[in-house]
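Student: Structure provided below as structure tokens; questions to follow.
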Protein chains: 2
Amino acid sequence: MKKLIEKIIQTKNPTVVGLDPTLDYIPQYLKQKYFEEYGYTLKGAAKAYYAFNKKIINAICDIVPAVKPQCAYYEALGWQGMKTLAKTIQYARSKGMYVITDGKRNDIGSTMQAYATAHLGQISVDGVQTPAFGADALTVNGYLGTDGISPLLSVMNEDQGIFVLVKTSNPSSGELQDQKIGENSVYAVMGDMCEKWGEGSIDPYGYSQVGAVVGATYPQQLGELRRRLPHTFFLVPGYGAQGGGAKDVAGAFDENGLGGIVNSSRAILTAWKKEGSDGVDFAETARREALRMKEDIISVIAPIKG
Amino acid sequence: MKKLIEKIIQTKNPTVVGLDPTLDYIPQYLKQKYFEEYGYTLKGAAKAYYAFNKKIINAICDIVPAVKPQCAYYEALGWQGMKTLAKTIQYARSKGMYVITDGKRNDIGSTMQAYATAHLGQISVDGVQTPAFGADALTVNGYLGTDGISPLLSVMNEDQGIFVLVKTSNPSSGELQDQKIGENSVYAVMGDMCEKWGEGSIDPYGYSQVGAVVGATYPQQLGELRRRLPHTFFLVPGYGAQGGGAKDVAGAFDENGLGGIVNSSRAILTAWKKEGSDGVDFAETARREALRMKEDIISVIAPIKG
């Protein structure tokens, strides 16, 4: 996680902005432009998403270390949406941001290798190496065990990482994840596997390339997992719209203010609505909300230092 | 699973062909045509995948009820690959085949709703309903619990289905899935959740819209799960290249020869290599291998009847 941690130290900001666009989040004036040009089509919507994302990225790239585009919202627009996903990842990286593709991908062997290639590597087109999506990190689901993770480890370079679902932020996450295997819960067993998978890749900050997704909505488990998994960096969803506050995420961090990055999507992307504006200033309101979130979180953690 | 089961009864064939293309599977003469036109690019490769898939579908659509395109191989070609995925799904459905998109998607709430929309529903582009990928069924991962499944149930029409990962075919599947929660293994707990999620949608054949993925490589667990989950239809990977044989999959079926559909990908797509040909007849060899597989499997199960 070295590259991500260095961006966090540089911006003094342990947060990531989720780029989860929906048509409802995009101000009328902006989407209308693309509907007039391309009709009410997947292409028109995908072009509007990209224009929206670019303005958000421009507004936050100097103060926020990372963005996290959520694949599902792009897939819902078909291949046109996936083109916007690829362009968004490239644009954010060109502005110096660390990009975590939130795909929760999972499979085995050569199939998982194909996902690793798609999102973190390059495919060989009869010898010509070509990137497909090219992010810095990918979220994955570890239900299939080591066969689903090792293909990622073999594709990643030292600047890349993965985040494995451990304890998710949703109300029903406990149906499986809180069940007990002997004395341990399923999420703890999954967390222990993250520590094992990360063994060979621990950076100077003490964290491996294998991170974990742990929700802000379960602060007790977050603290428990921080102590249990000392080398596992946490991606923390559930702050803001899902109900988690700054105090709830504090447990993700270590004594250097590191160890976690907190995501917010809706509250930032739709800040213009809350301010009652017509959306012309949506990027500026997103920046203000991103700064507010940063201040909120750094107020409850140790000072960030490398 | 009514629509799928009717196709199985009509073809007397409980198998599905996995459309998992790689450049290595495509005969030289076919891919060369597209590389000459589009260069050694993602677009050239994606065009070659589509031409390959179309010929396979043409060769098997009268004898095989379903195809299962694996998202990962299309994603590895970026948005151009996703365009081929969408076109492949549409083409297979136009030839009367049932299409299971193998995406193992998983998330929660509005994000899972976006995946459901992408693969099984239609997105509203400011009021204009538009399908993105439009398959009959989707594979999903249930690690996040009910919040990850209910958005699918609300999007599906009565002809559509999902298959939840229960006991996967890979060697390391047991690392989590075989662990014991009280007296039950994790995979049994996940299977029980499938029965619960399917309660409201049981068809005249006795199966619900919520199926399960159970690997051919664990025949004992397959039989155990068949008895435990009487309303859950099984998608069975692991036959052929992964080592499972006809006897290993027999346990997936009920006394009417129903209850499961067995996947084969590599053995069918690369049958031309095994026959030592130059690949000009790859579609005919795929058909022969599909027929061989059908005979192999129906020889060990009860006669298929509706």
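Student: Considering the zone a paramagnetic label at A:Asp192 would reach in this model (a point 7 Å from Cα along the Cα-to-Cβ line), which residues of segment B:161-181 have amide N under 17 Å from it?
Tutor: B:173-181
Student: Let me ask something else about it. So if R0 is 41 Å, what FRET efficiency would B:Ala51 and A:Ser94 give, r being the distance between their Cβ atoms, rounded to the nearest 0.05? Let's see the in-between values first.
Tutor: Values: r = 34 Å, r/R0 = 0.83.
Given R0 = 41 Å and the Cβ-Cβ separation, E is 0.75.
Student: Something else about it: Would you kindly derive the ³J(HN,Hα) couplings of segment B:178-194 from the backbone phi angles with the Karplus curve 6.51 cos²θ - 1.76 cosθ + 1.60 (θ = phi - 60°), listing them in order in whole Hz, with x for Gly and Pro?
Tutor: Result, ordered by residue: 8, 5, 9, 9, x, 8, 9, 7, 4, 5, 5, 4, 5, x, 4, 5, 4 Hz.
Student: Convert each backbone phi in segment B:145-157 into a coupling constant with the Karplus relation 6.51 cos²θ - 1.76 cosθ + 1.60 (shift: θ = phi - 60°), then list the ³J(HN,Hα) values in order as whole Hz, x for Gly and Pro.
Tutor: x, 4, 4, x, 10, 4, x, 5, 4, 7, 8, 5, 8
Student: Give me the percent of DSSP beta bridges within chain A that run antiparallel, rounded to the nearest 5.
Tutor: Working: 6 of 34 bridges.
Of the beta bridges lying entirely in chain A, close to 20 percent run antiparallel.
Student: With all protein chains present, calculate the accessible area of A:Glu37 using a 1.4 Å probe and round the result to the nearest 10 Å².
Tutor: In the full protein context, A:Glu37 sits at about 120 Å².
Student: With +1 on each Lys and Arg Cβ and -1 on each Asp and Glu Cβ, and nothing else charged, work out how big the dipole of segment B:159-260 is about its Cα centre, in Debye to the nearest 20.
Tutor: It works out to roughly 200 debye.
Student: Just want to confirm a number: the relative contact order over chain B, from Cα pairs under 8 angstrom separated by 6+ residues, in percent.
Tutor: Result for chain B is 19 percent.
Student: Which residues of segment A:118-142 end up with at least 50 Å² less accessible area in the presence of all protein chains than when their chain stands alone, using a 1.4 Å probe?
Tutor: A:Ile123, A:Val125, A:Asp126
Student: Do the alpha carbons of any pairs in A:Lys167/A:Lys196; B:Lys31/B:Lys83; B:Lys104/B:Lys167; A:Lys167/B:Lys83; B:Lys7/B:Lys83; B:Lys33/B:Lys55 sit beyond 22 Å of each other, and which pairs?
Tutor: Working: A:Lys167/A:Lys196 17 Å; B:Lys31/B:Lys83 17 Å; B:Lys104/B:Lys167 13 Å; A:Lys167/B:Lys83 34 Å; B:Lys7/B:Lys83 26 Å; B:Lys33/B:Lys55 15 Å.
Correct reply: A:Lys167/B:Lys83; B:Lys7/B:Lys83.
Student: Tell me which residues come under 5 Å, amide H to amide H, from A:Tyr98 once H is placed; ignore anything under 5 positions away on its chain.
Tutor: Result for A:Tyr98 returns A:Ala66, A:Val67.
Student: Summed for both chains, how many Å² of accessible area, to the nearest 100, are buried between A and B with a 1.4 Å probe?
Tutor: When A and B are taken together, about 5600 Å² of accessible area is lost.
Student: To the nearest 10 square angstrom, what accessible area does B:Arg93 show with a 1.4 Å probe?
Tutor: 100
Student: So what J values fall out for segment A:255-272 if you push phi through Karplus, 6.51 cos²θ - 1.76 cosθ + 1.60 with θ = phi - 60°, rounded to Hz, Gly and Pro as x?
Tutor: After applying 6.51 cos²θ - 1.76 cosθ + 1.60, I find 6, 9, x, 10, x, x, 9, 9, 9, 9, 10, 4, 4, 7, 5, 10, 4, 4 Hz.
Student: Still on this structure, I have one more. Across the residues of B:156-169, average count of Cβ atoms on other protein chains within 10 Å?
Tutor: Mean partner shielding for this stretch: 1.
Student: Mind giving me the nanometre distance, one decimal, between the label points for B:Lys274 and B:Asp24, set 7 Å out from Cα along Cα→Cβ?
Tutor: 1.6
Student: Of all the accessible heavy-atom surface of segment B:2-298, with the other protein chains kept in place and a 1.4 Å probe, what percent is carbon and sulfur?
Tutor: 48
Student: Using the Cα centre of the protein assembly as shown as origin and beta-carbon charges of +1 (Lys, Arg) and -1 (Asp, Glu), tell me which of A:Leu225, A:Leu30, B:Ala271 is placed farthest towards the positive end of the dipole.
Tutor: The Cα lying farthest towards the positive end belongs to A:Leu30.
Student: Right, next: In square angstrom, rounded to the nearest 10, how much accessible surface does B:Glu199 have for a 1.4 Å probe?
Tutor: Approximately 130 Å² of B:Glu199 is accessible to the 1.4 Å probe.
Student: Could you tell me which of rounded, prolate or oblate describes segment B:2-298, using a ≥ b ≥ c as the square roots of the eigenvalues of the alpha-carbon gyration tensor, with rounded for a/c under 1.5 and, failing that, prolate when a/b is larger than b/c and oblate otherwise? It would help to have the intermediate numbers written out before the result.
Tutor: Working: a/c = 1.72, a/b = 1.27, b/c = 1.35.
Oblate, because a/c is 1.5 or more while a/b does not exceed b/c.
Student: Ignoring ligands, DNA and RNA, how do A:Lys68, A:Lys305, A:Lys87 rank by accessible area with a 1.4 Å probe, largest first?
Tutor: Order by accessible area, largest first: A:Lys305, A:Lys87, A:Lys68.
Student: Which cross-chain or sequence-distant (5 or more) residues have an amide H under 5 Å from the amide H of A:Lys104, H modelled 1.01 Å from N in plane?
Tutor: So A:Lys104 has HN proximity to A:Thr139, A:Val140.
Student: OK, next. Quick check on chain A: helices-only [θ] at 222 nm, where DSSP H runs of length 4 and up contribute -39,500 (n - 2.57) each and the sum goes over total residues. Nearest 500, please.
Tutor: After summing the helix terms and dividing by the residues of chain A, the value is -13000 deg cm²/dmol.
Student: Send over a whole-number figure in Å² for the accessible area per residue of segment A:152-248, probe 1.4 Å.
Tutor: Numbers: 3530 Å² over 97 residues.
Heavy-atom SASA per residue in segment A:152-248 reads 36 Å².
Student: Considering the zone a paramagnetic label at A:Lys247 would reach in this model (a point 7 Å from Cα along the Cα-to-Cβ line), which residues of segment A:278-306 have amide N under 19 Å from it?
Tutor: Backbone N within reach: A:293-302.
Student: Residues of segment B:41-80 that become at least 50 Å² less accessible with every protein chain present than in their own chain isolated, using 1.4 Å: which are they?
Tutor: Output list: B:Leu42, B:Ala72, B:Tyr73, B:Glu75, B:Ala76, B:Trp79.
Student: At a 10 angstrom cut-off on C-beta neighbours, averaged per residue, how do the peptides A:252-261, A:74-83 rank from highest to lowest?
Tutor: A:74-83, A:252-261
The values are calculated or read from the model by the stated rules, or taken from the named source; none is laboratory data. These numbers come from a predicted model, not from an experiment. Cβ coordinates were reconstructed from backbone atoms using ideal geometry, including for glycine residues, and neighbour counts include every protein chain displayed. To get the accessible areas, we keep the full protein, side chains included, count just its heavy atoms, and leave off ligands, DNA and RNA. Shrake-Rupley method; radii C 1.70, N 1.55, O 1.52, S 1.80 Å.
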